[in-house]
Each structure stands twice: as C-alpha cells, then as structure tokens.
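A short write-up of the structure that comes next.
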Amino acid sequence: MGATEPVLLRVQGATKTFGSIQAVDMVDLELRIGESVGLIGPNGAGKSTFLSLLSGDQQVSAGRVSFEGRDISRVPAHARVVAGIARAAQIPQTFGRLSLRENVLLPSLFGARLPQREAEDWCREVLAMVGLDARPDVPAGALGLLDRKRLELAKAVAARPRLLLLDEIAAGLTEPEVETIMALVRRLQAGRAIVWVEHIPAALRGTCERLVVMDKGAKTHDGPFAEVWADRSLQEIYMGVPDDDISAH
Ligand SMILES: Nc1ncnc2c1ncn2[C@@H]1O[C@H](COP(=O)(O)OP(=O)(O)OP(=O)(O)O)[C@@H](O)[C@H]1O
Ligand SMILES: [Mg+2]
C-alpha cells in the first residue's frame with residue numbers, strides 16, 4: 001500500500017496569509033491512495049487552514065495544490081468535491097431539519113453525481129456503513145454528538161472522495177465513542193487517502209501510519225507515526241520551551 005500507488009495529492013509551498021498572519025507557511029505534502037496521515041500541532045498552528053486549502057474552502061495566497069496531476073489551486077470547494085476531495089467539518093455542518101437520508105442524498109447527487117435511483121441506494125449503503133441506518137427519516141437536528149459526527153462522516157463519504165479530510169471528528173467524544181469513530185475511519189481507508197486533524201493522539205495512532213506536525217503555519221515533522229511521535233522536539237513545540245529545559249526540572 002502507499003508507495004507503489006501514484007501520487008494523488010501534491011502540495012507545493014502552500015501558503016495562506018490573513019493580513020499580517022501567516023496561517024500556513026510554505027507547506028509541502030505528497031499523498032498516495034491508501035495513505036492515512038495524522039496532522040497535529042498546537043492551537044493556531046494552521047491545521048484547519050491547511051485543510052481548507054485542500055478542500056477549497058480557502059485558496060492559497062501562494063504555492064500550488066495538485067490533485068491527480070491537475071492544478072486545482074484556484075478550483076472552488078464545490079468543484080473539488082466533484083473532483084474527489086471531501087471534508088468532514090470540525091463543527092458538524094449538518095442541515096438540522098433535513099432527515100439523515102436527505103443530508104446524505106445531497107452529496108450523493110451533487111458530489112458523487114449519481115443518478116437519483118443509484119443515489120438513493122448509495123445513501124442507504126453509506127448510512128449503514130456509519131451505523132445510522134435504523135432511522136433514516138429522523139431530522140438530523142435530533143441527533144446526539146456521536147451520531148452527528150457519524151452523519152458528518154457519512155456526508156463526506158457519500159461524495160465518493162479519493163481524498164478524505166477529517167477535522168477533529170473525535171473532539172468532545174468519550175473514549176469508547178472515539179473507538180467507534182476510529183473503527184469507522186479504518187473501514188474508510190481502502191481506496192482512498194485520508195488526512196485526519198485531531199488533538200487525540202490515541203485516535204491517530206490507531207489509524208494513521210504517518211504523522212505530520214505543524215507549528216506556526218509550517219510543517220515541522222513528516223514521517224512514520226512512531227518515529228515522529230518519539231521525536232523529543234515535539235515537547236518543545238507543545239510546551240513552548242526547549243526540550244532540555246523540560247528535562248532539567
Ligand atoms: N479566516 C481567518 N481570518 C483571520 N485569521 C485566521 C482565519 N482563519 C484562521 N486564522 C488564523 O490563522 C492561524 C491558524 O488557524 P487555524 O484555525 O488554521 O489553526 P488550527 O491549527 O486549526 O488550530 P486549532 O487546533 O485551534 O483548531 C491562527 O492564528 C488563526 O487565528
Ligand atoms: Mg482547527
């Protein structure tokens with residue numbers, strides 16, 4: 001898996017500035033089908049902004065994003081969904097009055113571009129995949145947090161993405177609920193690449209072979225999960241003090 005596949009996503013020098021803030025600073029990333037990457041970093045490191053540059057919710061100020069060999073740097077979000085990139089949002093963007101089925105039908109029709117009948121079948125399949133098939137007609141607004149996260153995943157997957165972007169989909173959940181989400185993500189890994197931003201290391205460790213770290217907009221680490229996790233310079237990034245100072249006390 002991974003290295004033998006062609007490059008799916010190639011990010012070169014991606015930069016995003018908001019006035020004087022350098023939210024993302026010259027980030028490079030290559031990703032192949034079958035790769036799952038955990039993305040960590042302190043609050044404000046630029047992780048969500050970086051995902052936005054991939055999903056098209058924001059556009060790069062400089063640099064380039066290529067997907068399947070095509071420069072998509074200027075392609076808007078809705079067209080990137082059709083191209084094969086979908087994002088599950090940090091704050092569930094579910095349409096509360098629409099039923100679960102309707103919420104998942106929209107990306108099946110307009111993201112995956114399936115004809116109505118096939119989209120209906122695909123919807124049922126996706127709802128079953130995330131364990132929400134028992135009551136497809138309840139309004140999304142009636143769901144608890146775990147089920148809202150399941151629905152957010154279902155909506156992203158319904159678009160049939162080859163690149164799936166996950167932003168803190170496990171945040172706020174209990175430990176057993178995090179396990180449920182991890183099992184779900186593992187089921188979604190085949191045939192696609194995943195970038196998962198999460199502050200819960202155990203969730204990423206159980207699902208991602210590769211770990212990327214961002215700090216102050218820049219990518220500081222990128223490699224096999226265990227290797228990056230064991231790097232002592234991570235302490236410095238998270239605590240804001242040199243590693244030697246920590247061990248001296
Ligand atoms: N739309 C915006 N306008 C201005 N500044 C922004 C905007 N979005 C993000 N920023 C700034 O860019 C920096 C990176 O923010 P971002 O949300 O990407 O960080 P993050 O790593 O996702 O943090 P967290 O872990 O808290 O979610 C921060 O300084 C933030 O205040
Ligand atoms: Mg964020």
Next item on the list: Please report Ser66, Ser20 as a ranked list, fewest other C-beta atoms within 10 angstrom at the top and most at the bottom.
Entry: Ser20, Ser66
Check: Cα-based Rg of the chain per 2.2 N^0.38 Å, rounded to two decimals?
Finding: 1.02
Margin query: Could you derive backbone 3J(HN,Hα) for segment 146-152 from the dihedral phi with the Karplus parameters 6.51, -1.76 and 1.60 (θ = phi - 60°), listing whole Hz in sequence and x where the residue is Gly or Pro?
Written below: 4, 5, 5, 5, 4, 5, 4
Note to self: Please compute the length gained on full extension between Asp133 and Arg117, using 0.36 nm multiplied by the number of residues separating them and subtracting their Cα-Cα distance.
What the structure shows: 4.0 nm
Next item on the list: Rounded to the nearest Å, what's the spacing between the alpha carbon centres of segment 11-84 and segment 170-207? Just the number, please.
Entry: 20
Check: Which value results for Rg/Rh of segment 166-210 when Rg is the Cα radius of gyration and Rh the Kirkwood radius based on the inverse mean 1/r?
Finding: 0.92
Next item on the list: Counting only C-alpha contacts under 8 Å and six or more residues apart, can you give the relative contact order of the chain as a whole percent?
Entry: 25
Next item on the list: For helix 175-187, report the angle its Cα long axis makes with the longest principal axis of the Cα atoms of the chain; keep it between 0 and 90° and round to the nearest 10°.
Entry: 80
Checklist line | Ranked packing of 117-124, 145-152, 199-206, most packed first, by mean Cβ within 10 Å | finding: 145-152, 199-206, 117-124
Checklist line | Radius of gyration and Dmax over the Cα atoms of segment 114-198, both given in Å | finding: 12.9, 39
Margin query: Can you give me the long-range amide H partners of Ala193? Hydrogens built in the peptide plane at 1.01 Å from N, cutoff under 5 Å, separation of 5 or more residues or another chain.
Written below: Gly34, Leu163, Leu164
Note to self: Run the reach check for Lys219 against lysines, Cα to Cα strictly under 24 Å, same-chain hits fewer than 8 apart removed. What comes back?
What the structure shows: Lys16, Lys47
Next item on the list: Kindly put Ser36, Ser233 in sequence by how many other C-beta atoms sit within 10 Å of each C-beta, fewest to most.
Entry: Ser233, Ser36
Check: To two decimal places, what compactness ratio does segment 1-85 give when its Cα radius of gyration is scaled by 2.2 N^0.38 Å?
Finding: 1.07
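In Å, what Kirkwood hydrodynamic radius results for segment 59-135 from the alpha-carbon pair distances?
One over the average 1/r among Cα pairs gives 14.2 Å for segment 59-135.
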Next item on the list: Run the quick spin-label model on Arg232 and Asn43: label points 7 Å from Cα toward the beta carbon, then report their separation in nm to one decimal.
Entry: 2.9
Check: If you take the Cα atoms of segment 6-53, find Rg, then find the Kirkwood Rh from the mean of 1/r over all pairs, what is Rg/Rh?
Finding: 1.00
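Each value in this text was obtained by applying a stated rule to the coordinates, not by laboratory testing. Everything quoted here is computed from the prediction, not taken from an experiment. Glycine gets a Cβ as well: all are built from the backbone with ideal geometry, and neighbour counts include every protein chain shown.
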